Amino acid sequence: MSLRKTEKPGYVPTKRKSTKTCRRCGEEYPKDRDHFYPITDQRLGYSKENPGWSYICIPCENKRTNKYKELNPEKVWKRATKYAETPHGFMTNMWNNMKKSKDGVGFKNFGEFWEHWEEQVRTYGMKCPYLGIEMTMVRGKSRAAGKFIKTPTNVSRDKILPGRPYSKKNLVFVSWRANEKKHNITPRIARRFLSFVKERYGTEDIE
């Protein structure tokens, strides 16, 4: 077997170091996602399977981020609001809140949850399946009041059968107005609701 041009007789390849020293704090940590943010830019020769690692450790990055938030609250608020009112940002927030449900979540990950949302959009567009009104994605927290404000047309999550986990079968996206009306249900919403029960579970006679 021939040697590479850069190799000499007796050459022993060195193992890549499994730790990395943060350039900011000087601490040494393992090269993993718990301690450094991965770099996957292919232009730099990296990939998801073989990433590079940030020069700054995650604790130092968090300190830098928190300091920036303290010094630039308005910029941070505007940026967060802009993202939260995009479909991906709005649904990411919904996913994070949904995972706290005491009944659990049947989706494997956010990607599967997102696909479920996109499937409904392909069928109904942005129309509420119960009321037929156009649904919106407005961030619910008021900067001035510092509290949440409900927007009746906003997209909300609705479990078809209470007490069961959120899943492809048991989750439908409806407007806040429709969700609230379920507590004082009208015949129209009842018919639409039962149509989803039958579609997802094959029968309306289910507990």
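Here's the yes/no breakdown for (1) in contact with a helix residue (DSSP H, G or I) (Cβ under 6 Å, 6 or more places away or on another chain); (2) open to solvent by less than 40 Å² (accessible area, probe 1.4 Å); (3) closer than 30 Å to LEU161 by Cα; (4) modelled with pLDDT of 95 or more:
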site: PRO38; (1), (2), (3), (4): no, no, no, no
site: LYS48; (1), (2), (3), (4): no, no, no, no
site: TYR68; (1), (2), (3), (4): no, no, no, no
site: VAL76; (1), (2), (3), (4): yes, yes, no, no
site: ARG79; (1), (2), (3), (4): no, no, no, no
site: GLU85; (1), (2), (3), (4): no, no, yes, no
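Restricted to region 92-104, and to residues that are within 15 Å of PRO162 (Cβ to Cβ) and touching a residue at least 12 places away in the same chain (Cβ under 8 Å), which residue is surrounded by the most Cβ atoms within 10 Å (Cβ to Cβ)? Quick ask: steps written out before the conclusion?
Of region 92-104, the ones within 15 Å of PRO162 (Cβ to Cβ) are 98, 101-104.
If we keep only those that are touching a residue at least 12 places away in the same chain (Cβ under 8 Å) too, we end up with 98, 101, 103-104.
On the way: MET98: 18, SER101: 12, ASP103: 13, GLY104: 11.
That would be MET98.
Residue by residue through region 22-36, note down the ones that are in a strand (DSSP E or B) and surrounded by 13 or more Cβ atoms within 10 Å (Cβ to Cβ).
Within region 22-36, the subset in a strand (DSSP E or B) is 28-30, 36.
Correct list: TYR29, PHE36.
Might you check whether a residue that is outside any helix (DSSP H, G or I) and modelled with pLDDT under 95 occurs anywhere in region 122-129?
As a first pass, look at region 122-129 and keep what is outside any helix (DSSP H, G or I): 125-129.
Those left that are additionally modelled with pLDDT under 95: 129.
Yes: one or more hits.
Can you find, within region 164-181, the residue that is farthest from the chain's Cα centre (by Cα) among those that are of a type in the set (Ser, Thr, Tyr) and in a strand (DSSP E or B)?
SER175
Using the structure shown, decide if ILE133 is over 18 Å from the mean Cα position of the chain (by Cα), surrounded by fewer than 16 Cβ atoms within 10 Å (Cβ to Cβ) and modelled with pLDDT of 85 or more.
Details: over 18 Å from the mean Cα position of the chain (by Cα): yes; surrounded by fewer than 16 Cβ atoms within 10 Å (Cβ to Cβ): yes; modelled with pLDDT of 85 or more: yes.
In short, yes.
Picking from GLY26, GLY10, which residue would you name as being out of contact with any Leu (no Cβ under 8 Å at 6 or more places or on another chain), more than 30 Å from VAL138 (Cβ to Cβ), at pLDDT below 85 and of a type in the set (Gly, Ala, Ser)? Step through it out loud before you land on a result.
On the way: GLY26 fails: at pLDDT below 85.
Only one candidate passes the filter, namely GLY10.
Restricting attention to region 60-99, report how many residues are closer than 30 Å to GLU112 by Cα, in a helix (DSSP H, G or I) and not polar (S, T, N, Q). Before the answer, list the steps.
So the first thing to find is which residues in region 60-99 are closer than 30 Å to GLU112 by Cα, and the list is 61-62, 65, 76-99.
Filter once more, keeping what is in a helix (DSSP H, G or I): 61-62, 65, 76-84, 87-98.
Applying the additional criterion that residues be not polar (S, T, N, Q) yields 61, 76-80, 82-84, 87-91, 94-95, 98.
Matching residues across region 60-99 total 17.
How many of the residues in region 87-101 are closer than 19 Å to LYS169 by Cβ and either at pLDDT below 90 or of a type outside the set (Gly, Ala, Ser) (or both)?
Step one: of region 87-101, the residues closer than 19 Å to LYS169 by Cβ are 91, 94-95, 98-99, 101.
Narrowing further to those that are either at pLDDT below 90 or of a type outside the set (Gly, Ala, Ser) (or both): 91, 94-95, 98-99.
Residues flagged as closer than 19 Å to LYS169 by Cβ and either at pLDDT below 90 or of a type outside the set (Gly, Ala, Ser) (or both) within region 87-101 amount to 5.
Test GLU204 against the stated conditions and say whether it is part of a helix (DSSP H, G or I) and open to solvent by 90 Å² or more (accessible area, probe 1.4 Å). Write out each step before concluding.
Values: part of a helix (DSSP H, G or I): no; open to solvent by 90 Å² or more (accessible area, probe 1.4 Å): yes.
No; evaluated as a whole, the condition is false for this residue.
If a residue has to be under 19 Å from THR123 (Cβ atoms), surrounded by 15 or more Cβ atoms within 10 Å (Cβ to Cβ), at pLDDT below 90 and basic (Lys, Arg) to count, how many in region 154-199 make the cut?
Counting residues in region 154-199 that are under 19 Å from THR123 (Cβ atoms), surrounded by 15 or more Cβ atoms within 10 Å (Cβ to Cβ), at pLDDT below 90 and basic (Lys, Arg) gives 1.
Only one residue in PHE107, PHE113 is modelled with pLDDT of 95 or more, touching a helix residue (DSSP H, G or I) at 6+ places or on another chain (Cβ under 7 Å), buried (at least 18 other Cβ atoms within 10 Å of the Cβ) and not in a helix (DSSP H, G or I), so which one is that? Talk me through it step by step, then tell me what you get.
Numbers: PHE113 fails: not in a helix (DSSP H, G or I).
Within the list PHE107, PHE113, the selection yields PHE107.
Can you pull out the residues in region 116-127 that are basic (Lys, Arg) and surrounded by 11 or more Cβ atoms within 10 Å (Cβ to Cβ)?
Here is the first cut: in region 116-127, the ones basic (Lys, Arg) are 122, 127.
Scanning region 116-127 gives a single hit, LYS127.
The values are calculated or read from the model by the stated rules, or taken from the named source; none is laboratory data. Just so you know, these numbers come straight off a predicted model, no measurement behind them. A quick note on method: Cβ atoms are made from the backbone with ideal geometry, for glycine too, and the neighbour counts reach across all protein chains shown. When the accessible area is computed, the model is the full protein with side chains, heavy atoms only, and any ligands, DNA or RNA have been set aside. Shrake-Rupley method; radii C 1.70, N 1.55, O 1.52, S 1.80 Å.
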